[in-house]
Amino acid sequence: MTDLQTDSRFADPDSAYRLLIDAHRGLNDEDSAALNSALILILANHIGDSAVLAQAIALAKTTLTAGECKAPV
Amino acid sequence: MAAHTETTPDHRTLYQFGYYRTSDQDAVEPTRYPVVIVGAGPVGLAAAIDLTLRGIKVVLLDDADRIGEGSRGICYAKRTLEVLGRLGVAQPCLDKGVVWKVGKVFFKEAQVWQFDLLPEDGHAMPAFINLQQYYLEHFLVERAIDLGIDLRWRNKVVGIEQGNDGATVQVMTPEGEYRLSGAWVIAADGPRSTLRGLLGLEWRGEIFEDRFLIADVKMTGDFPPERWFWFEPPFHGGHSALLHKQPDDVWRIDLQLGPEADPVDEQRPEKVVPRLKQMLGHDRFELEWVSLYSFQCRRIDRFVHGRVVFAGDSAHQVSPFGARGANSGIQDAENLVWKLAMVLNGEASETLIETYHAERSQAADENIRHSTRSTDFIAPRSPQEVRFRDATLALARSAPFAQRMINSGRLSIATVHDTSLSTPDVDRWNGVAQLGAPAPDAPVEDAHGKPIWFLDLLGGTESLVAFGAVQQVKCPLLLEGRDFHDRRGLLRRRLDASDGAAFLFRPDQHLAARWRKPEATDIAAARRRLRGH
Ligand SMILES: Cc1cc2nc3c(=O)[nH]c(=O)nc-3n(C[C@H](O)[C@H](O)[C@H](O)COP(=O)(O)OP(=O)(O)OC[C@H]3O[C@@H](n4cnc5c(N)ncnc54)[C@H](O)[C@@H]3O)c2cc1C
């Protein structure tokens with residue numbers, strides 16, 4: 001079984017980030033949330049490994065418990 | 001020549017120069033020069049000095065007669081310093097400037113990321129220095145004056161006429177107008193370029209709505225010379241902030257204010273001082289300069305129009321995150337100048353100037369791309385963009401991938417030109433040297449065993465650097481073991497040089513061709529190629 005990979009895997013992380021930003025440009029907040037939900041499902045399926053998905057969820061949750069993420073408005 | 005006076009750094013006018021009359025103003029027909037340069041900012045000055053060093057006569061025109069009005073640019077990158085070194089201006093910049101290499105990024109209260117720009121030794125120049133732009137300009141002007149450059153203050157270009165073999169500019173002075181022609185005209189007249197307007201060129205790109213307050217404050221404190229960037233710091237609710245050291249105990253502070261900020265109101269000391277107090281936690285500082293900015297990322301389509309060539313901010317403009325404005329402009333100048341010199345000396349045809357457009361518009365696109373992305377990260381436009389940004393910052397504490405995504409400005413590095421002037425590699429190469437990139441520096445010894453930097457050895461001439469005997473070539477040759485010694489082997493390693501290998505560098509020190517075992521015909525072909533033939 002593979003573990004969640006958290007090292008940097010993009011050759012050009014800035015362009016990957018920009019793809020996400022571009023995808024949301026012009027969307028209202030509700031559409032953005034819908035897009036993100038679809039995106040997460042697609043990527044989760046691409047990973048195809050519930051154990052890895054669970055690790056990703058756990059890592060993402062740390063950003064909430066640390067109080068570092070703004071609660072969505 | 002122009003007299004200049006120095007006042008204390010907190011005065012608006014730092015260096016005052018004088019208008020003077022030249023005989024060109026009495027000439028019936030416009031006097032013709034090889035090159036007329038419009039604009040004595042960092043780019044026009046660098047071009048004028050470089051051309052002069054290459055034996056080309058220039059006239060440099062500027063509509064102002066002083067340097068002052070705030071510092072604007074503060075960070076100058078390694079490659080720029082290397083170019084300035086060749087122009088004879090690096091030393092005063094290094095003496096005066098603040099060397100830094102560590103950058104820290106904070107999210108809310110805590111540090112989330114730290115970077116070190118050049119952890120490697122064996123380079124003459126540091127990764128970056130901070131220096132008020134007025135000092136840089138002043139050092140360039142002093143050098144220009146030393147070289148006897150014809151630098152005409154209060155000479156404002158107000159018209160231009162293109163011909164087949166040159167262009168004629170209409171110049172306004174306090175004593176009326178006159179005309180001047182150049183076989184080539186360099187438009188280095190800045191972001192509000194008159195020449196761009198006169199030629200009707202479109203200035204296309206993205207305009208960012210967020211406003212930023214830029215303040216230079218004088219204070220003596222125990223801060224290290226590092227670049228500190230805050231996202232959502234407690235002292236500046238919801239916005240980003242930057243603190244960066246300059247010489248003379250001056251600190252650059254950059255505060256994001258948002259799109260609604262009122263430019264007049266926000267610059268009032270009654271408004272600025274309390275903001276800074278909150279950030280610094282004390283009020284033991286003096287305001288030296290305050291300004292409010294919004295940023296643009298844009299360029300003109302083509303950098304060459306007949307005999308008029310655009311360089312620096314007249315051709316492209318970026319946001320300051322990444323310090324890519326003056327840095328890329330000075331590299332425009334260095335790219336253009338050797339090509340102009342070759343064309344004017346009859347060594348290359350005019351088509352070589354087209355490669356200036358190809359190479360530097362490529363660089364401009366790269367710079368615009370980087371500075372646009374940085375601005376997206378620093379000034380998110382929607383709640384979702386804020387969430388992406390904040391999630392990246394929060395993840396950065398534990399996930400390395402997120403650290404690499406933090407973008408508080410990707411600092412200027414030299415562009416690797418993907419260019420027709422390079423001869424494609426036939427051999428396999430490792431090492432840090434790249435085709436189309438500037439030569440890596442390294443400490444070597446000259447023929448007499450005296451320590452010298454490799455880049456100083458290259459200087460501004462096209463050179464073939466060889467590690468072992470090469471056949472008869474007409475090119476200036478630097479043979480390791482005879483003309484210089486690579487005792488530490490650092491140069492060998494950086495170039496991945498094997499015995500018998502040879503490297504052809506352009507007059508701007510960019511690598512044009514390399515071979516493990518060169519033939520004289522290969523070298524000759526590569527030399528023609530770098531001339532655009
Ligand atoms: C807040 C801020 C921070 C910045 N930080 C950095 C940084 O850290 N690093 C960096 O590299 N860059 C930085 N920049 C960008 C940098 O200041 C510019 O890129 C740089 O000044 C461009 O140089 P230039 O010679 O092309 O143009 P300019 O410096 O604008 O010079 C143009 C000259 O042309 C003259 N001129 C204009 N019109 C005419 C005319 N018609 N006739 C004759 N003369 C004319 C002007 O008087 C001026 O002297 C920053 C900019 C800002 C605003």
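For the range A:34-53, name all the residues that are under 14 Å from the mean Cα position of the chain (by Cα), surrounded by 11 or more Cβ atoms within 10 Å (Cβ to Cβ) and more than 8 Å from chain B (Cβ to nearest Cβ).
Hits for the range A:34-53 are A:Ala34, A:Leu35, A:Leu39, A:Ile40, A:Leu43, A:Ala44, A:Ile47, A:Val52, A:Leu53.
Which ones in the range B:135-152 are within 13 Å of the ligand (Cβ to nearest atom) and open to solvent by 10 Å² or more (accessible area, probe 1.4 Å)?
Within the range B:135-152, B:Tyr135, B:Glu137, B:His138 meet the criteria.
Within the range B:94-116, is there a residue that is in contact with a Gly (Cβ under 6 Å, 6 or more places away or on another chain), within 16 Å of the ligand (Cβ to nearest atom) and either more than 29 Å from B:Val309 (Cβ to Cβ) or assigned to a helix (DSSP H, G or I) (or both)?
The answer is no, given that none of the residues of the range B:94-116 is in contact with a Gly (Cβ under 6 Å, 6 or more places away or on another chain), within 16 Å of the ligand (Cβ to nearest atom) and either more than 29 Å from B:Val309 (Cβ to Cβ) or assigned to a helix (DSSP H, G or I) (or both).
If you take the residues in the range B:402-443 that are closer than 18 Å to B:Asp376 by Cβ and open to solvent by 50 Å² or more (accessible area, probe 1.4 Å), which one is farthest from the ligand (Cβ to nearest atom)?
B:Arg404
Condition first: modelled with pLDDT of 95 or more and touching a Ser or Thr at 6+ places or on another chain (Cβ under 7 Å). Can you find one or more residues in the range B:429-449 that meet it?
Looking for residues that are modelled with pLDDT of 95 or more and touching a Ser or Thr at 6+ places or on another chain (Cβ under 7 Å), one finds at least one in the range B:429-449, hence yes.
State which residue pairs qualify: first residue within 7 Å of chain B (Cβ to nearest Cβ) and inside the range A:5-33, second residue assigned to a helix (DSSP H, G or I) and open to solvent by 80 Å² or more (accessible area, probe 1.4 Å) in any location, beta carbons under 6 Å apart, and separation of 6 or more residues or different chains.
Taking only residues 6 or more apart or on different chains, the pairs are A:Ser8/B:Arg404; A:Pro13/B:Arg404.
Restricting to the range B:104-127, and then to whatever is open to solvent by less than 20 Å² (accessible area, probe 1.4 Å) and more than 20 Å from the chain's Cα centre (by Cα), can you tell me which residue is nearest to the other protein chains (Cβ to nearest Cβ)?
B:Phe107
So which of B:Val28, B:Val43 ends up being open to solvent by 10 Å² or more (accessible area, probe 1.4 Å), within 14 Å of B:Ala333 (Cα to Cα) and either within 9 Å of the ligand (Cβ to nearest atom) or free of Cβ contacts under 8 Å to residues at least 12 places away in the same chain (or both)?
Being open to solvent by 10 Å² or more (accessible area, probe 1.4 Å), within 14 Å of B:Ala333 (Cα to Cα) and either within 9 Å of the ligand (Cβ to nearest atom) or free of Cβ contacts under 8 Å to residues at least 12 places away in the same chain (or both) holds for just one of B:Val28, B:Val43, which is B:Val43.
Listed here are the residues, each with its yes/no results for (1) outside any strand (DSSP E or B); (2) hydroxyl-bearing (Ser, Thr, Tyr); (3) in contact with a helix residue (DSSP H, G or I) (Cβ under 9 Å, 6 or more places away or on another chain); (4) not assigned by TED's automatic domain parsing to the domain that holds B:Gly73.
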{"residue": "B:Ile214", "(1), (2), (3), (4)": "no, no, no, yes"}
{"residue": "B:Val217", "(1), (2), (3), (4)": "no, no, yes, yes"}
{"residue": "B:Gly221", "(1), (2), (3), (4)": "yes, no, yes, yes"}
{"residue": "B:Pro224", "(1), (2), (3), (4)": "yes, no, no, yes"}
{"residue": "B:Trp230", "(1), (2), (3), (4)": "no, no, yes, yes"}
{"residue": "B:Gly237", "(1), (2), (3), (4)": "yes, no, no, yes"}
{"residue": "B:Leu243", "(1), (2), (3), (4)": "no, no, yes, yes"}
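Going by the conditions given, is B:Thr220 over 25 Å from the mean Cα position of the chain (by Cα), within 13 Å of the ligand (Cβ to nearest atom) and hydroxyl-bearing (Ser, Thr, Tyr)?
For B:Thr220, the condition - over 25 Å from the mean Cα position of the chain (by Cα), within 13 Å of the ligand (Cβ to nearest atom) and hydroxyl-bearing (Ser, Thr, Tyr) - is not met.
Restrict the check to the range B:373-384 and report whether at least one residue is within 23 Å of the chain's Cα centre (by Cα), open to solvent by 10 Å² or more (accessible area, probe 1.4 Å) and of a type in the set (Val, Ile, Thr).
no
The values are calculated or read from the model by the stated rules, or taken from the named source; none is laboratory data. These figures come from a predicted structure and were not determined experimentally. All Cβ positions, glycine included, derive from the backbone under ideal geometry; neighbour counts span all protein chains shown. Protein only, heavy atoms only, side chains kept; ligands, DNA and RNA dropped before computing areas. Shrake-Rupley method; radii C 1.70, N 1.55, O 1.52, S 1.80 Å.
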